[in-house]
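*Asks:* Here's a structure for you.
The values are calculated or read from the model by the stated rules, or taken from the named source; none is laboratory data. Keep in mind that this is a model prediction, so the values were computed, not measured. When we count neighbours, we look across all protein chains shown, and the Cβ atoms used for this are built from the backbone with ideal geometry, even at glycine. SASA here: full protein model, heavy atoms, side chains in, ligands and nucleic acids out. Shrake-Rupley method; radii C 1.70, N 1.55, O 1.52, S 1.80 Å.
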Amino acid sequence: MPRIVRVAVPVPLPRLFDYVLVPHMEPPPVGSRVRVPFAQGERIGIVLDVVETSEHPDDQLKPISAILDQDPPLSAELIGTLSWAARYYQHPIGEVLESALPVLLRNGGELPEPGVAGMRLTDAGRATRADPRRRRGTRSSDLLEALGQGALPATGLDSGLPGWRTAFRRLRARGLVEDVRLPATPRRADPVTAPRLNDEQQRAVAAINAQPDRFAPFLLDGVTGSGKTEVYLAAIAAALARGRQSLVLVPEIALTPQTTRRFRERLGLDIAILHSGLTERERAAAWLSAARGEAKVILGTRSAIFVPLPEPGLIIVDEEHDASFKQQDGFRYHARDLAMVRAKALDVPIVLGSATPSLESLANAESKRYALLRLSHRAGAATPPSLTIMDLRRKRLDNGLALNTLAAISECLARGEQVLVFRNRRGYAPVLICQACGWSAQCAQCDRPLTLHRGAARLRCHHCAAEARVPAVCPECSGTSLAPQGQGTERIEEALQQRFPDVPILRVDRDSTRNRSGRDAIFEQLDVSGPRILVGTQMLAKGHDLPNLTLVVVAGVDEGLHSVDFRAGERLGQLIVQVAGRAGRADRAGAVILQTHHPDHPLLRALIDGGYPALAGSLIAERRQAGLPPFANFALLRAEARQMADVTAFLGLAIESARATPLAVSAHGPLPAPMPRRAGFQRAQVLIEAAERSALQAFLPEWLAGLRALKESRRVRWSIDVDPVDMG
Ligand code: ADP
Ligand code: ZN
Ligand code: ZN
């Protein structure tokens, strides 16, 4: 009988660990959690195999301490996809599997019981209720009365019997009522009627539904407001009719209460939500209802790609171009790419949707790997917004806004409509300088300017946790000519408030939405319809319908034009088109003003003349010519240490060993990181490039094993990023 258990333990080593079963212990099922001794303590690992023999002598193997599940939380399909991901992204399997579990399970805990919390009468309670002499008119008696009809769920009593909680506790103390778990009966309501789909939408839905139980990848390329979400909803409804689950991934900032409500109302059922703002219990409950096949529609951000789908029907990745689908630390997976792998494993259709598809997905559509579905015009009566360039050269500016821009804002407000001023920088001003001596406030840890936050009266580094008081006089010359330089959202808000004192202004950025209640409150206020100015960062670029918004001002596009990252042009184009798409969504046409000092920049010209398709076309041609992704495969080795010498020693050896491989990969570097110092660490990197993905995949494991064995690797913090989306 096999007695050796191969366990994935969440430690930073890319291997499994063997343990033995103590006599009479039944072998645990694959995918279940076990408690095992590790180093000085104990860890929770996942069983990946039970075998006859180990490569280690049996007497060196430690026994399993406990088996935690008979019903494994990870299915064979998930284990397969996660093992693939561990290999592909070169991340230790134990950590990868752990990251797919709700935190409650990682710690060895139990899932919340299925069902919902409820209460019922005890025998004593029934007797008391029947007693004709009992006092009436109190909350307790009302609750006894209500429970006389049968057990009740806790939710739902709030409206009918306010204050029932106290009454319940009192009755429970007297032994008259008790807690009970009730089966979760998903709320079902009549779905709100869908609009009649136009021809393009119908064609898209028909294509997605054509062969439901088969892997089929689609790129839904539809301009903003063209009704992509309606296509998703129709395809989900078809999956629901077959009793199948749909998983919908959205970027973090697009998962607003409005989105959730739209899905719930239109499908007429509860939606399981998974995102980082939930409590661990809430996440575990949503995960569990998906795992039991009860949740038919799961809407979540990046990490929801790991949710169990026992009855899979459809996967959708909305705004597939969004960089937030890529995890930027630890296990650096791309949720969109993993969604593709999972859809294949599950044999279901997958839809990647965007108004501004990534060049990767466009190239896949071009090569016919994905079927292309187009929605070429806005749904309903809405017309596309008109883009105009505001040339800032030799213009007088008021807090970064041209006088013509301010005039356009004023006219828009006078018509009773709303304006969005987009500025991708939070805070008051990106720099504080001394006009007398030229001193500026810098982060001592990062060599980058500190951002002035006037409301909080602090200087803050946006790259590390550093913070400082705002000095009253210049620390260099003791002069009093300290002045904020440049504009952040806070300053633009202040300037507009002074100019339009009677108009409500709502600022939406990471500072104003830091906690959940602030965020919810802001998203509720977004629905207000009178004249209003919104000032915000890319948090406002997507997700929320703003029906009365007719003018979008992009305060500055120039920073995006000058970035060194090869994806900067693609990003800027996507951002402009997405923000522009917020304008004129209902019956009014929208206008977009792009402020720039470079009105003739080819990127802007392409966008104005031919829209995103023209820009994407020219960017793809450039990438092909230059041998950049998606026409090459990259992996980035990053390293940092207090001393640059340690970084270059490590990276130098890494390059040497890469150049010794017979495989068709090349190594570039060591290159300084775009931010050469961050949080006190010196940083550099090595870029590995391969024309063939298979060559890169064959090269990485051995190379990294060699690096791990280097003593120089212990003097640096290092990581590997396969398919990096951010070259910093
Ligand atoms: P997208 O997801 O592409 O941005 P939405 O699905 O949110 O677009 O649709 C934009 C707006 O147009 C929504 O208010 C939606 O209700 C409406 N809409 C979508 N399809 C239709 C249609 N076929 N007829 C009428 N209105 C539609
Ligand atoms: Zn000074
Ligand atoms: Zn810093």
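*Asks:* Every residue in segment 368-403 that is within 22 Å of Ala580 (Cβ to Cβ), free of Cβ contacts under 8 Å to residues at least 12 places away in the same chain and of a type in the set (D, E, K, R), please.
*Replies:* Lys395
*Asks:* Do we have Leu104 as among the aliphatic types (A, V, I, L, M), in contact (Cβ under 8 Å) with a residue 12 or more places away in the chain, in contact with a helix residue (DSSP H, G or I) (Cβ under 7 Å, 6 or more places away or on another chain) and open to solvent by less than 20 Å² (accessible area, probe 1.4 Å) here?
*Replies:* no
*Asks:* Listed residues Val564, Val554; which is open to solvent by 10 Å² or more (accessible area, probe 1.4 Å), of a type outside the set (Asp, Glu) and either under 30 Å from Ala379 (Cα atoms) or more than 16 Å from ligand 1 (Cβ to nearest atom) (or both)?
*Replies:* Only one candidate qualifies: Val564.
*Asks:* Any idea which residue in segment 287-300 is nearest to the chain's Cα centre (by Cα), counting only those that are open to solvent by less than 10 Å² (accessible area, probe 1.4 Å) and under 25 Å from Trp84 (Cα atoms)?
*Replies:* Gly300
*Asks:* Scan segment 684-697 and tell me whether some residue there is buried (at least 20 other Cβ atoms within 10 Å of the Cβ) and under 30 Å from Arg460 (Cβ atoms).
*Replies:* Looking for residues that are buried (at least 20 other Cβ atoms within 10 Å of the Cβ) and under 30 Å from Arg460 (Cβ atoms), one finds at least one in segment 684-697, hence yes.
*Asks:* Take Thr193 and tell me if it is without any contact (Cβ under 8 Å) to a residue 24 or more places away in the chain, among the hydroxyl-bearing types (Ser, Thr, Tyr), more than 16 Å from ligand 3 (Cβ to nearest atom) and outside the structural domain of Ala167 (by TED's automatic domain parsing).
*Replies:* Answer is yes for this residue.
*Asks:* Counting only residues that are surrounded by 18 or more Cβ atoms within 10 Å (Cβ to Cβ) and touching a residue at least 60 places away in the same chain (Cβ under 8 Å), which one in segment 113-131 is nearest to Arg332 (Cα to Cα)?
*Replies:* Gly118
*Asks:* Evaluate segment 337-354: report whether one residue or more is basic (Lys, Arg), more than 27 Å from Leu267 (Cα to Cα) and away from ligand 1 (no atom under 16 Å from the Cβ).
*Replies:* So far as segment 337-354 goes, no, none of its residues is basic (Lys, Arg), more than 27 Å from Leu267 (Cα to Cα) and away from ligand 1 (no atom under 16 Å from the Cβ).
To keep it simple, each residue is scored yes or no on (1) open to solvent by less than 20 Å² (accessible area, probe 1.4 Å); (2) within 15 Å of the chain's Cα centre (by Cα).
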{"site": "Arg261", "(1), (2)": "no, no"}
{"site": "Ile273", "(1), (2)": "no, yes"}
{"site": "Pro310", "(1), (2)": "no, no"}
{"site": "Arg342", "(1), (2)": "yes, no"}
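*Asks:* Identify all residues within segment 367-398 that are part of a loop (DSSP other than H, G, I, E, B) and either open to solvent by less than 50 Å² (accessible area, probe 1.4 Å) or within 16 Å of ligand 3 (Cβ to nearest atom) (or both); write none if there are none.
*Replies:* Matches in segment 367-398: Tyr370, Arg378, Ala379, Ala382, Pro385, Leu392.
*Asks:* Select, from Ala151, Ala210, Ala173, the only residue that is surrounded by fewer than 16 Cβ atoms within 10 Å (Cβ to Cβ), modelled with pLDDT of 90 or more, not assigned by TED's automatic domain parsing to the domain that holds Leu346 and not acidic (Asp, Glu). So that I can check it myself, show each step before the final result.
*Replies:* Details: Ala151 fails: modelled with pLDDT of 90 or more; Ala210 fails: not assigned by TED's automatic domain parsing to the domain that holds Leu346.
Answer to the selection: Ala173.
Residues checked against (1) within 16 Å of ligand 3 (Cβ to nearest atom); (2) open to solvent by 20 Å² or more (accessible area, probe 1.4 Å); (3) not β-branched (Val, Ile, Thr):
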{"site": "Ala216", "(1), (2), (3)": "no, no, yes"}
{"site": "Leu220", "(1), (2), (3)": "no, no, yes"}
{"site": "Val223", "(1), (2), (3)": "no, yes, no"}
{"site": "Thr229", "(1), (2), (3)": "no, yes, no"}
{"site": "Leu233", "(1), (2), (3)": "no, no, yes"}
{"site": "Pro251", "(1), (2), (3)": "no, no, yes"}
{"site": "Leu255", "(1), (2), (3)": "no, yes, yes"}
{"site": "Gln258", "(1), (2), (3)": "no, yes, yes"}
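*Asks:* Restricting to segment 463-502, what's the tally of residues that are surrounded by 13 or more Cβ atoms within 10 Å (Cβ to Cβ), part of a loop (DSSP other than H, G, I, E, B) and either within 16 Å of ligand 1 (Cβ to nearest atom) or within 33 Å of the chain's Cα centre (by Cα) (or both)?
*Replies:* 6
*Asks:* Would you be able to tell me the number of residues in segment 427-448 that are open to solvent by 50 Å² or more (accessible area, probe 1.4 Å) and either within 14 Å of ligand 3 (Cβ to nearest atom) or within 26 Å of Arg514 (Cβ to Cβ) (or both)?
*Replies:* Total satisfying the criteria: 5.
*Asks:* Residue pairs, Cβ under 6 Å, 6 or more apart or interchain, first in segment 211-223 and without any contact (Cβ under 8 Å) to a residue 24 or more places away in the chain and more than 19 Å from Ala363 (Cα to Cα), second open to solvent by less than 30 Å² (accessible area, probe 1.4 Å) and part of a strand (DSSP E or B). List them.
*Replies:* Final answer for the pair search is none.
*Asks:* Still on this structure, I have one more. Against the condition among the basic types (Lys, Arg), more than 16 Å from ligand 1 (Cβ to nearest atom) and within 28 Å of Asp511 (Cα to Cα), how does Arg454 come out, does it pass? Walk me through how you get there before you give the answer.
*Replies:* Numbers: among the basic types (Lys, Arg): yes; more than 16 Å from ligand 1 (Cβ to nearest atom): yes; within 28 Å of Asp511 (Cα to Cα): yes.
Answer is yes for this residue.
*Asks:* Taking segment 276-286 on its own, how many of its residues are open to solvent by less than 30 Å² (accessible area, probe 1.4 Å) and assigned to a helix (DSSP H, G or I)?
*Replies:* 2
*Asks:* Taking only pairs six or more apart or across chains, which ones have beta-carbon atoms under 6 Å, a first residue in segment 659-670 that is at negative phi and in contact (Cβ under 8 Å) with a residue 40 or more places away in the chain, and a second residue that is of a type outside the set (Gly, Ala, Ser) and open to solvent by less than 30 Å² (accessible area, probe 1.4 Å)?
*Replies:* Between residues of segment 659-670 that are at negative phi and in contact (Cβ under 8 Å) with a residue 40 or more places away in the chain and residues that are of a type outside the set (Gly, Ala, Ser) and open to solvent by less than 30 Å² (accessible area, probe 1.4 Å), the close pairs are Thr661/Phe699.
*Asks:* Regarding segment 62-79, can at least one residue be identified that is farther than 27 Å from Arg302 by Cβ, open to solvent by less than 40 Å² (accessible area, probe 1.4 Å) and without any contact (Cβ under 8 Å) to a residue 60 or more places away in the chain?
*Replies:* Within segment 62-79, one or more residues are farther than 27 Å from Arg302 by Cβ, open to solvent by less than 40 Å² (accessible area, probe 1.4 Å) and without any contact (Cβ under 8 Å) to a residue 60 or more places away in the chain.
*Asks:* Further question on the same structure: If you check Ser361 against the conditions, is it within 24 Å of Val223 (Cβ to Cβ), touching a residue at least 40 places away in the same chain (Cβ under 8 Å) and open to solvent by 30 Å² or more (accessible area, probe 1.4 Å)?
*Replies:* No; evaluated as a whole, the condition is false for this residue.
*Asks:* Another one. Does segment 71-85 contain at least one residue that is in a loop (DSSP other than H, G, I, E, B), out of contact with any Leu (no Cβ under 7 Å at 6 or more places or on another chain), in the same structural domain as Val20 (by TED's automatic domain parsing) and farther than 30 Å from Leu704 by Cβ?
*Replies:* yes
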